[in-house]
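Step one of this worksheet: look at the structure below.
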Amino acid sequence: MRISRGTLLTAVSSLIALALLVGGFFLLRGSSNQGDAARRSDGSTLRSPFTGEPVNGGLNRVLIFKIDNVPQARPPTGLTKADIVYVLPVEGGLSRIFAVFSSQFPPVVGPVRSSREEDIQLLRQFGRPAFAFSGAQPRLLPVVEHARIVDLYSGIVGGYFRSSSRVPPYNLYARTAKLLAEAKGASKARDIGFRFGPAPAGGKLTSVYNVSYSSAAFSIRWSAPEHRWLIWMDGKAATAADGKALGARTVVVQYARVGTSAFLELGIRPPYTHTVGHGKAVVLRNGRAYDAAWSRPTADGGTTFTRPDGSRMPFARGQVWVIYGFGPGSTPHQ
């Protein structure tokens, strides 16, 4: 039987269309599966040790930024995507942010600012993280660069740019894709002592908790509709550059001994927050304040938070803020 050329072309076209349809189906299925949470060898869901949330595809590298937090530097860019936001006192009674990213990497983060001596101690618990910063005091800079980090100092790697919408030094930003390409040897997220789970019994109903430095004030306010704590800074609701309110389901106020750095900044010795040691903390979650104790015996280890009965204090899953307060034995700073 003879088959016309037109019939043959029609049949071939139909087979190609069918193959494309089937291939597309499996491609879509594959894309969907990639979005599923990764599993451990025992079948349990793999979760971020920083947020307690499910991780897609495995744990990522750790990328840490030093971000300015004076009024002229606000609002920050990319901060809502951080896993952990640490707030530390700096010279002049002001504050600076130490932002940890691993679960998500926003396209741009900033404004990036300079490092302080206390960063070295705080960095060590993350293994060998990638650290993005704009520099440091001349004597301190080589110390930071020789710390156990993947060095992403803006003076030696690409990915940084100046925004025309702000004046220096509050206009330095970084593109995370470029920095991650420079940070292939950075360590991945690992246990730093946080535990996550349901809220324990007890705690004190709390709507507002305040923390202050000599020239910076933080008000942590519970929002029942959003089921998280909203951060206010210097009397104003804090927002990110995209307009979203800054806040978290867990905010830890960690009272540490704040001493004095060995490195001068603008002719004065800035604060040095001792993140290794032990002390008291207040863990804010679910509209309640829980008294806790913190302990970090060595710089290479993480920080554990325990309740008065000795049990571990669980955090709510999601972004965590840690605001350092002046604990016993601190040196007054102006």
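Please work out which residue is surrounded by the fewest Cβ atoms within 10 Å (Cβ to Cβ), limiting yourself to region 66-89 and to residues that are in contact with a helix residue (DSSP H, G or I) (Cβ under 9 Å, 6 or more places away or on another chain) and hydrophobic (A, V, I, L, M, F, W, C).
In this case the residue turns out to be Val70.
Quick check on my filter: what residues within region 176-199 are closer than 16 Å to Ala281 by Cα and out of contact with any Lys or Arg (no Cβ under 7 Å at 6 or more places or on another chain)?
Listed by number, the residues that qualify are Gly193, Phe194.
Any chance region 67-75 includes a residue that's in contact with an Asp or Glu (Cβ under 8 Å, 6 or more places away or on another chain) and either assigned to a loop (DSSP other than H, G, I, E, B) or under 25 Å from Ala181 (Cβ atoms) (or both)? Even if it seems obvious, please write down each step before you answer.
Kept after step one, since they are in contact with an Asp or Glu (Cβ under 8 Å, 6 or more places away or on another chain), are these residues of region 67-75: 71.
Those left that are additionally either assigned to a loop (DSSP other than H, G, I, E, B) or under 25 Å from Ala181 (Cβ atoms) (or both): none.
No, the conditions are met nowhere in region 67-75.
Would you please name the residue that is nearest to the chain's Cα centre (by Cα), looking only at residues in region 243-268 that are modelled with pLDDT under 95 and not hydrophobic (A, V, I, L, M, F, W, C)?
Selected residue: Glu265.
Assess whether Trp321 counts as being outside the structural domain of Leu140 (by TED's automatic domain parsing), crowded, with 18+ Cβ neighbours inside 10 Å and either touching a His at 6+ places or on another chain (Cβ under 8 Å) or touching a residue at least 60 places away in the same chain (Cβ under 8 Å) (or both).
Values: outside the structural domain of Leu140 (by TED's automatic domain parsing): yes; crowded, with 18+ Cβ neighbours inside 10 Å: yes; either touching a His at 6+ places or on another chain (Cβ under 8 Å) or touching a residue at least 60 places away in the same chain (Cβ under 8 Å) (or both): yes.
Here the answer is yes, as Trp321 does meet what is asked.
Which residues, taken from region 95-127, are closer than 16 Å to Asp300 by Cβ and either within 13 Å of the chain's Cα centre (by Cα) or among the hydroxyl-bearing types (Ser, Thr, Tyr) (or both)?
Once the filter is applied, which keeps residues that are closer than 16 Å to Asp300 by Cβ and either within 13 Å of the chain's Cα centre (by Cα) or among the hydroxyl-bearing types (Ser, Thr, Tyr) (or both), region 95-127 yields Leu122, Leu123, Phe126.
Among the residues of region 165-198, write down those that are among the hydrophobic types (A, V, I, L, M, F, W, C) and surrounded by fewer than 16 Cβ atoms within 10 Å (Cβ to Cβ). So that I can check it myself, show each step before the final result.
Here is the first cut: in region 165-198, the residues among the hydrophobic types (A, V, I, L, M, F, W, C) are 167, 172, 174, 177, 179-181, 183, 186, 189, 192, 194, 196.
Hits for region 165-198 are Val167, Ala177, Ala181.
Are any residues in region 267-285 in contact (Cβ under 8 Å) with a residue 40 or more places away in the chain and either crowded, with 18+ Cβ neighbours inside 10 Å or closer than 16 Å to Pro328 by Cα (or both), and if so, which ones?
Pro270, Pro271, Tyr272, Thr273, His274, Thr275, Val276, Gly279, Lys280, Val282, Leu284, Arg285, listed by residue number.
Right, Leu63: crowded, with 20+ Cβ neighbours inside 10 Å, more than 16 Å from Ala241 (Cβ to Cβ) and of a type outside the set (S, T, N, Q) or not?
The answer is yes for Leu63.
Would you pick out the residues in region 98-133 that are surrounded by fewer than 20 Cβ atoms within 10 Å (Cβ to Cβ) and not in a helix (DSSP H, G or I)?
Gln104, Phe105, Pro106, Pro107, Val108, Gly127, Arg128
Taking Asp242, is it loosely packed, with under 15 Cβ neighbours inside 10 Å and under 23 Å from Thr77 (Cα atoms)?
Working: loosely packed, with under 15 Cβ neighbours inside 10 Å: yes; under 23 Å from Thr77 (Cα atoms): yes.
Here the answer is yes, as Asp242 does meet what is asked.
Consider Arg221 carefully, then state whether it is free of Cβ contacts under 8 Å to residues at least 40 places away in the same chain and among the basic types (Lys, Arg). Walk me through it before giving the result.
On the way: free of Cβ contacts under 8 Å to residues at least 40 places away in the same chain: yes; among the basic types (Lys, Arg): yes.
Yes; evaluated as a whole, the condition is true for this residue.
Based on what the data block shows, is Val283 aliphatic (A, V, I, L, M), in contact with a Gly (Cβ under 7 Å, 6 or more places away or on another chain) and assigned by TED's automatic domain parsing to the domain that holds Phe305?
no
Restricting to region 293-318, count the residues that are surrounded by 15 or more Cβ atoms within 10 Å (Cβ to Cβ) and touching a residue at least 40 places away in the same chain (Cβ under 8 Å). Give the steps one after another, and end with the answer.
The first filter runs over region 293-318 and keeps only residues surrounded by 15 or more Cβ atoms within 10 Å (Cβ to Cβ), leaving 293-296, 301-307, 312-318.
With touching a residue at least 40 places away in the same chain (Cβ under 8 Å) added as a condition, the list becomes 294, 296, 301-305, 307, 312-318.
The qualifying residues number 15.
For Asp234, work out the one condition from (1) under 23 Å from the mean Cα position of the chain (by Cα); (2) crowded, with 18+ Cβ neighbours inside 10 Å; (3) not β-branched (Val, Ile, Thr) it doesn't fulfil.
Against the list (1) under 23 Å from the mean Cα position of the chain (by Cα); (2) crowded, with 18+ Cβ neighbours inside 10 Å; (3) not β-branched (Val, Ile, Thr), Asp234 comes up short only on (2).
Could you tell me whether Thr331 is of a type in the set (S, T, N, Q), free of Cβ contacts under 8 Å to residues at least 40 places away in the same chain, farther than 14 Å from Leu88 by Cβ and in a loop (DSSP other than H, G, I, E, B)?
Numbers: of a type in the set (S, T, N, Q): yes; free of Cβ contacts under 8 Å to residues at least 40 places away in the same chain: no; farther than 14 Å from Leu88 by Cβ: yes; in a loop (DSSP other than H, G, I, E, B): yes.
Taking the combined requirement at face value, the residue does not satisfy it.
The values are calculated or read from the model by the stated rules, or taken from the named source; none is laboratory data. Everything numeric here is computed off the predicted structure, so don't read it as measured data. With ideal geometry, Cβ positions are generated from the backbone for all residues, glycine too; neighbour counts draw on all protein chains shown.
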